[in-house]
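Beneath this line is the structure, given in structure tokens, with notes to follow.
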Amino acid sequence: MAATDTGRELLGEERRELILRWLGAEGKVRASDLALRLRVSLDTIRRDLHELADAGLLPPSPPGPDSFVERLPDDVAAKAAVAQAAVDLIRSGEVIAISGGTTTLEFARRLPDDLDATVIATNPHIAAALADHPRLTVDVIGGRLHPAARTVIGSEAVDALRRVRPDVCVLSACSLHPQAGMTLRHREEALVVRAMVENAGRLLSVTTAGKLGSAGPYPVAAIERIDTLVTDAPDAEVQVYRDLGIDVVKA
């Protein structure tokens, strides 16, 4: 049995509650690390994880391929619908930070010609999609390009984003989970998106139904940080997010 700081041994249920709490805060847990933190054997932790999985309490891994390019043809109609619904939430005069992602690319393509705003982009595909927009100012963040995520990464990008206070941040993460929050697959990309989120006035999550309820290894925003979820998921699947105080806009 695990021991607390006061020396009291933890019951299995208490251990599993701690595992879920750490998962929500950190986005991922490793069995070997949990064994050390809870002072129990690896076999005990594995049994705890199996029980949580059997109870449906461990979120599944994010769906779809890792590569931005490979994800482009997936769920095209759903992404388009979600992106259009999100566009209706944007106001002229705002500074809009857009994270990399195939759904945010669709969002950028649908920004209306009469929108007068500033866009901060970390994805070259998004910057190119906005290059001919008649009224937008497009600021492209510099840094090294991540070949799979197709976003810029590194300290230069993080520092640049920390010097901006966007009115709204439009996020297309690989997963959204009511405990784990918004997560990504790639560590370097997550560091950049966290910096984008830090000073943002409001957060819009553009998330297709298939990404709800799963979790990647790297958190970028706690669930309570998200203001609006734009999704095509049915009401039964989004009620948990409404219960958490998130404004849900259906595509």
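The values are calculated or read from the model by the stated rules, or taken from the named source; none is laboratory data. Here the structure is a predicted model, which means the values were calculated and not measured. Glycine gets a Cβ as well: all are built from the backbone with ideal geometry, and neighbour counts include every protein chain shown. Surface accessibility is based on the protein's heavy atoms, side chains included, excluding ligands, DNA and RNA. Shrake-Rupley method; radii C 1.70, N 1.55, O 1.52, S 1.80 Å.
Side notes on the structure shown:
- Residue count for region 123-160, restricted to those that are free of Cβ contacts under 8 Å to residues at least 24 places away in the same chain, under 12 Å from Glu189 (Cβ atoms) and assigned to a helix (DSSP H, G or I): 0
- Residue within region 74-89 that is out of contact with any Lys or Arg (no Cβ under 8 Å at 6 or more places or on another chain), acidic (Asp, Glu) and open to solvent by less than 30 Å² (accessible area, probe 1.4 Å) present: no
- Against the conditions (1) under 17 Å from Cys174 (Cβ atoms); (2) in a loop (DSSP other than H, G, I, E, B), Leu57 satisfies every one except (1).
- Some residue of region 177-186 being outside any strand (DSSP E or B) and either closer than 20 Å to Glu106 by Cβ or modelled with pLDDT of 95 or more (or both): yes
- Looking at Val170, Val119, just one residue is touching a Phe, Trp or Tyr at 6+ places or on another chain (Cβ under 8 Å), hydrophobic (A, V, I, L, M, F, W, C) and under 23 Å from Arg225 (Cα atoms), and that residue is Val170.
- The listed residue being modelled with pLDDT under 95, of a type outside the set (Val, Ile, Thr) and crowded, with 22+ Cβ neighbours inside 10 Å, out of Ala236, Ala215, Ala251: Ala215
- Those residues of region 11-54 which are in a helix (DSSP H, G or I) and among the small types (Gly, Ala, Ser), in sequence order: Gly12, Gly24, Ala25, Ala31, Ser32, Ala35, Ala53
- Inclusion of Thr208 among residues that are among the polar types (S, T, N, Q), open to solvent by 10 Å² or more (accessible area, probe 1.4 Å) and in contact (Cβ under 8 Å) with a residue 24 or more places away in the chain is not warranted.
Conditions (1) of a type outside the set (S, T, N, Q); (2) surrounded by fewer than 16 Cβ atoms within 10 Å (Cβ to Cβ); (3) modelled with pLDDT under 95; (4) farther than 16 Å from Ile98 by Cβ, marked per residue:
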position	(1), (2), (3), (4)
Pro112	yes, yes, no, no
Thr118	no, no, no, no
Pro124	yes, yes, no, no
His133	yes, no, no, no
Leu136	yes, no, no, no
Val152	yes, no, no, no
Ala157	yes, no, no, no
Arg165	yes, yes, no, no
Ser172	no, no, yes, no
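- Filter pass, Leu229 being open to solvent by less than 60 Å² (accessible area, probe 1.4 Å) and in contact with a strand residue (DSSP E or B) (Cβ under 9 Å, 6 or more places away or on another chain): yes
- Residue pairs meeting the criteria (Cβ under 8 Å; at least 6 apart or on separate chains; first in contact (Cβ under 8 Å) with a residue 24 or more places away in the chain, in region 101-116; second basic (Lys, Arg) and open to solvent by less than 70 Å² (accessible area, probe 1.4 Å)): Thr102/Arg71; Thr102/Lys79; Thr103/Lys79; Glu106/Lys79
- Scanning region 1-56 for residues that are open to solvent by 40 Å² or more (accessible area, probe 1.4 Å), modelled with pLDDT of 75 or more and either closer than 28 Å to Arg225 by Cβ or among the aliphatic types (A, V, I, L, M) (or both) yields a count of 13.
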